[in-house]
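All of the numbers you see were taken from the coordinates with simple rules; none came from a lab. These numbers were taken from a predicted model, which means no experiment stands behind them. Cβ placement follows ideal geometry from the backbone for every residue including glycine, while neighbour counts extend to all protein chains displayed.
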Amino acid sequence: MAKKRVLFINYSLHSGGIEKSLVTVLSLLDYQNYDVDLQLFANDGMFLSRVSPKANLLPPLFPAEYKLNIRQAFFALIKKGHPLIAICRLLVSFAGLRGTMGERLVRMWNVERRFIKPSQKEYDTVIAFMEGQPIYYAVTKVKSPNKIGFIHGDYTAMGLNREFDRAFVGKLNALCTVSESCKTALDNTFPEYSEKFHVIYNIISSTFMRQMAEEPADFEDDFIGMRVLSIARLSHQKGLDLAMPAVAALKEKGLRFKWYIIGIGPEKENLEAMARELNIGDYVRFMGERSNPYPYLKACDIYLQPSRFEGKSIAVDEAMVMCRPILLTDFSTASDQIDSGRNGLIVPMNSEGIANGLEDLLLHAEKRAAFSFALAQCDYTNENEINKLYALICGN
């Protein structure tokens with residue numbers, strides 16, 4: 001029997017949960033039965049080196065210079081012989097200046113679709129691995145009888161443009177998400193398409209994570225004391241700004257700890273400025289990207305995720321595998337992951353709630369130990385989730 005031709009689409013492979021999930025899926029696929037191409041808008045990001053060599057990485061939809069800031073990108077693209085793409089990049093920068101995430105994505109796509117060439121190949125299945133441009137591209141630019149999309153968050157909370165997206169959802173054969181709460185959000189938003197919606201959980205390999213965690217964790221300081229860790233893109237969604245005043249309040253109370261943040265993103269300068277203004281530079285350390293975050297998870301005393309919204313956070317899943325005491329804000333899908341009071345703590349989504357929860361965990365070793373013990377009773381490995389994707393690829 002001939003192999004099925006499958007195309008995966010994503011924007012890039014930067015250090016985020018979606019990107020990590022994609023390279024995990026690509027590492028587990030049955031390449032004896034599938035010929036797999038990977039199409040990115042930009043062939044860059046920390047996880048690019050972790051793509052399975054069995055997957056065929058296609059040339060990017062945009063040249064490398066496209067990702068630069070507009071002042072650099074425009075002239076660099078012209079210099080490299082891409083004048084039309086330079087104009088596209090200029091128009092996209094204006095399109096993304098204001099509005100909700102959904103409004104910006106729609107305006108940006110309405111520019112980009114005029115410059116992006118259609119796929120040259122026809123596929124048995126195309127899988128757009130995230131919302132926005134990858135789904136828009138899969139629906140309008142790829143020839144395939146079977147089109148699958150992924151949305152990794154709570155659609156209601158993400159600020160997407162439901163009226164624009166409705167037509168694209170209608171043209172998909174299946175739309176996958178990562179938790180029951182996220183599926184409920186899709187059901188409520190697009191009830192006429194509810195039969196298309198499927199839950200495929202983020203794939204976790206506990207054995208792999210624990211092996212990776214054996215490497216030393218270099219926190220790049222000589223701090224001795226309680227370590228709080230967050231792994232997150234430095235963006236508004238992740239709520240790191242909500243936690244800054246909480247850290248300042250606990251410093252004022254005299255609690256001794258340090259908060260380490262692994263990740264990059266557009267809010268980096270604002271968050272660093274906020275730390276300076278609150279005089280907590282000695283309590284917060286921005287670690288940048290780390291290709292292997294697991295040693296840091298293993299070594300931390302508390303894992304903090306102060307998000308405004310999530311789908312099913314891979315970082316939280318990984319903290320659970322490493323049995324770390326976990327503190328979450330009460331975003332809509334928090335209780336899908338943590339049973340508050342039994343294996344973690346969910347607090348109100350504000351600085352006071354975070355401060356109270358963090359103080360509770362910092363001061364009560366027995367509570368931290370109880371949470372870790374409860375998490376250790378479960379095996380979070382779920383590599384058989386890949387079978388759900390196989391079923392959709394086969395049209396079942």
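Laid out as a table, the results:
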item: Which of MET130, MET101 has the fewest Cβ neighbours within 10 Å, and the rest in rising order; result: MET101, MET130
item: Residue-span extension gain [ARG276 to ARG290] - 0.36 nm each, minus C-alpha spacing; result: 2.7 nm
item: Cut-off under 5 Å, modelled amide H: who pairs with VAL199 long-range; result: THR177
item: Cα coordinate range in the chain, projected on the principal axes (Å, largest first); result: 61, 48, 41
item: Backbone N under 14 Å from the ASP30 label point (7 Å along Cα→Cβ), restricted to the stretch 353-396; result: 384-396
item: Residue of LEU26, LEU77, LEU345 that the Gaussian network model of the chain assigns the largest fluctuation, springs spanning Cα pairs under 10 Å; result: LEU77
item: In range of the label at ILE87: residues from the stretch 112-136 whose backbone nitrogen is under 20 Å from the point 7 Å along Cα→Cβ; result: 112-118
item: Built amide H within the under 5 Å cut-off of LEU57, gap 5+; result: LEU38
item: Karplus 3J(HN,Hα) series, Hz, for the stretch 237-254 with 6.51 cos²θ - 1.76 cosθ + 1.60 (x for Gly, Pro); result: 4, 7, x, 4, 5, 5, 7, 4, x, 5, 4, 4, 5, 6, 5, 4, 6, x
item: Relative contact order computed over the chain (Cα-Cα under 8 Å; 6+ residues apart), in percent; result: 14 percent
item: 10 Å Cβ shell holding at most 13 others, DSSP loop, GluC sites (Glu not before Pro): longest site-free stretch of the chain; result: 1-213
item: Trypsin sites (Lys or Arg not before Pro) restricted to DSSP loop in the stretch 70-103 with at most 16 other C-beta within 10 Å; result: LYS80, ARG98
item: From phi via Karplus (6.51, -1.76, 1.60), per-residue ³J(HN,Hα) for the stretch 223-234 in Hz, x at Gly/Pro; result: 5, 10, x, 6, 10, 9, 10, 10, 10, 6, 5, 7
item: Length gained when the stretch LYS141-GLN72 is fully extended (0.36 nm per residue, less Cα-Cα span); result: 22.0 nm
item: Label-point separation, SER49 to ARG256 (7 Å along Cα→Cβ), nm; result: 3.7 nm
item: Gain upon complete extension [SER335, ALA370; 0.36 nm per residue less C-alpha separation]; result: 10.8 nm
item: Long-range HN-HN contacts of ARG285 with modeled amide H, under 5 Å; result: TRP259, TYR260, ILE261
item: Computed [θ] at 222 nm, helices only, for the chain once each DSSP H run of length n ≥ 4 contributes -39500 (n - 2.57); result: -11500 deg cm²/dmol
item: Alpha carbon centroid spacing (whole Å) that separates the stretch 297-314 from the stretch 156-203; result: 24 Å
item: Cα convex hull of the stretch 4-69 - mean projected area over all directions, nm²; result: 4.3 nm²
item: J(HN,Hα) series, the stretch 358-367, from Karplus relation 6.51 cos²θ - 1.76 cosθ + 1.60, nearest Hz, glycine and proline x; result: 5, 4, 4, 6, 5, 8, 10, 4, 5, 6
item: Projected-area mean, the stretch 45-139, by convex hull of Cα positions, square nanometres; result: 7.3 nm²
